[in-house]
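The values are calculated or read from the model by the stated rules, or taken from the named source; none is laboratory data. Since this is a predicted model, take the numbers as computed values, not measurements. For neighbour counting, all protein chains shown are included, and Cβ atoms are generated from backbone atoms with ideal geometry for every residue, glycine included. Ligands, DNA and RNA are excluded from the accessible area calculation, which covers all protein heavy atoms including side chains. Shrake-Rupley method; radii C 1.70, N 1.55, O 1.52, S 1.80 Å.
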Amino acid sequence: MNLDQIAGIAHEPTGKPTGVVVLTHGAGGSRESPMLTRICDEWARRGWLAVRYNLPYRQRRPKGPPSGSAAKDQAGVVEAVELAHTLTKGPVIAGGHSYGGRMTSMVIADGAATVDVLTLFSYPLHPPGKPERARTEHLPRIAAPTVFTHGTADPFGTIDELRQAATLLPVPTEIVEITGARHDLGSKTLDVPALAVDAALRLRA
């Protein structure tokens, strides 16, 4: 297992993994995101090898948002998914939070990599306050079942906007609605990792 090439950290299950999950971070974050850590812990508890990794722009500098790095970041997603396939004969699930999820979804839409399920957290449907700048043009080309885990108070897209966007995908989808949560998916009442993993496993079945 060579996770250094993707700046990845593994959460290993007890026993032989069912499959591999690779997840990446949002525009202002890194693989150290508490949310990514909790989600990878949950996958490992379910018997999967879960890897959280840094996108290329974050590997180059420790802080700041991406800037003109989409092509390189998508290449980093391809590398992570390809590595995941070498680590298992079982299913591969990929996704990420916000920007990281968007980059992963674009890779899958373009056919640059294949996964069994796509899991997207706080997908950024549009910039806050600018619904006319929709980031949905590639969604009809996604060929993997897709989970959207989304807060009802997310300024990057309402639940109604997300439901409409999900109809663009020609594959099974599921929306995990996190009541009251904003873009960070923080919730004092709901177990967000468990809900997201449950949904992904349902779509894989």
Original post:
Applying the selection to the stretch 140-161, what residues are surrounded by 18 or more Cβ atoms within 10 Å (Cβ to Cβ), in contact with a helix residue (DSSP H, G or I) (Cβ under 6 Å, 6 or more places away or on another chain) and not in a strand (DSSP E or B)?
Top reply: ILE142, ALA144, PRO145
Original post:
Out of the residues in the stretch 177-193 that are under 15 Å from the mean Cα position of the chain (by Cα) and open to solvent by less than 30 Å² (accessible area, probe 1.4 Å), which is farthest from PRO128 (Cα to Cα)?
Top reply: PRO193
Original post:
Within the stretch 115-143, how many residues are within 13 Å of the chain's Cα centre (by Cα) and free of Cβ contacts under 8 Å to residues at least 60 places away in the same chain?
Top reply: 5
Original post:
In this structure, does LEU169 turn out to be under 17 Å from GLY96 (Cα atoms), of a type in the set (A, V, I, L, M), under 17 Å from the mean Cα position of the chain (by Cα) and not in a strand (DSSP E or B)?
Top reply: no
**OP:** Considering (1) touching a Phe, Trp or Tyr at 6+ places or on another chain (Cβ under 8 Å); (2) open to solvent by 30 Å² or more (accessible area, probe 1.4 Å), say which one GLY8 fails and leave the rest.
**Re:** (2)
Original post:
Name the pairs: first residue in the stretch 177-199 and under 19 Å from PRO127 (Cα atoms) and in contact (Cβ under 8 Å) with a residue 40 or more places away in the chain, second residue of a type in the set (Lys, Arg) and surrounded by fewer than 19 Cβ atoms within 10 Å (Cβ to Cβ), Cβ to Cβ under 8 Å, at least 6 apart or on different chains?
Top reply: none
**OP:** Output the number of residues of the stretch 143-166 satisfying the condition of being of a type in the set (S, T, N, Q) and closer than 25 Å to VAL21 by Cα.
**Re:** 2
